[in-house]
């Protein structure tokens with residue numbers, strides 16, 4: 001079933017934005033984890049991928065270096081340009097069911113875009129009461 005809505009914990013949003021600020025002016029990349037059910041993905045944690053590569057116009061990692069884990073929902077990465085929508089390259093290399101893009105200046109959730117594997121925007125919300 002396609003993901004129609006994404007719910008982030010406040011802790012995850014803070015982690016996404018903080019990691020993006022730390023990686024700037026390079027792109028940062030994270031794996032988002034949680035569960036998906038009935039078209040709703042609940043993102044409850046992030047993970048820094050091993051041996052990730054960060055540069056000004058791309059970031060990447062090798063999926064084969066990760067253990068098998070059914071909680072992987074997709075990848076989050078930053079766009080130092082501030083344009084928080086998928087690039088052509090992003091769409092060619094989508095991994096998972098959800099793609100999250102954080103755009104500079106990484107101030108709050110208005111700097112975040114959430115998309116499916118085809119680049120279609122997915123609505124999201126932040127559940128401040130759902131901390132782990």
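Given the conditions (1) under 22 Å from residue 21 (Cβ atoms); (2) within 14 Å of the chain's Cα centre (by Cα), which single one is not true for residue 50?
Evaluating residue 50 over (1) under 22 Å from residue 21 (Cβ atoms); (2) within 14 Å of the chain's Cα centre (by Cα) leaves (2) as the failure.
What number of residues within segment 1-12 satisfy the criterion of being part of a helix (DSSP H, G or I) and touching a strand residue (DSSP E or B) at 6+ places or on another chain (Cβ under 6 Å)?
Qualifying residue count for the region: 2.
Restricted to segment 23-39, and to residues that are outside any strand (DSSP E or B) and touching a strand residue (DSSP E or B) at 6+ places or on another chain (Cβ under 6 Å), which residue is surrounded by the fewest Cβ atoms within 10 Å (Cβ to Cβ)?
Once the filter is applied, the top-ranked residue is 26.
Take the residues in segment 87-115 that are part of a loop (DSSP other than H, G, I, E, B) and over 17 Å from residue 31 (Cβ atoms); name whichever of them is modelled with the lowest pLDDT.
87
Find the residue count for segment 94-112, including only residues that are surrounded by fewer than 19 Cβ atoms within 10 Å (Cβ to Cβ) and more than 22 Å from residue 62 (Cβ to Cβ).
The number of residues fulfilling the criteria is 6.
Somewhere in segment 3-14, is a residue out of contact with any helix residue (DSSP H, G or I) (no Cβ under 6 Å at 6 or more places or on another chain), over 21 Å from residue 78 (Cβ atoms) and modelled with pLDDT under 95?
no
Just checking, does segment 64-77 include any residue being exposed (fewer than 15 other Cβ atoms within 10 Å of the Cβ), at negative phi, assigned to a loop (DSSP other than H, G, I, E, B) and out of contact with any strand residue (DSSP E or B) (no Cβ under 9 Å at 6 or more places or on another chain)?
yes
If we keep just the residues of segment 119-130 that are part of a loop (DSSP other than H, G, I, E, B) and modelled with pLDDT of 95 or more, which is farthest from residue 95 (Cα to Cα)?
123
Being surrounded by 14 or more Cβ atoms within 10 Å (Cβ to Cβ) and outside any helix (DSSP H, G or I) narrows it down to one residue among 45, 57, 15, 20; which is it?
Residue meeting the stated conditions: 45.
May I ask you to say which residue of 59, 71, 78 is closer than 14 Å to residue 20 by Cα, within 14 Å of the chain's Cα centre (by Cα) and modelled with pLDDT of 90 or more?
Going through 59, 71, 78 in turn, just one is closer than 14 Å to residue 20 by Cα, within 14 Å of the chain's Cα centre (by Cα) and modelled with pLDDT of 90 or more: 78.
The values are calculated or read from the model by the stated rules, or taken from the named source; none is laboratory data. Given the structure is predicted, the values throughout are model-derived calculations rather than measurements. Reconstructed Cβ throughout: ideal geometry from the backbone, glycine too, with neighbour counts over all protein chains shown.
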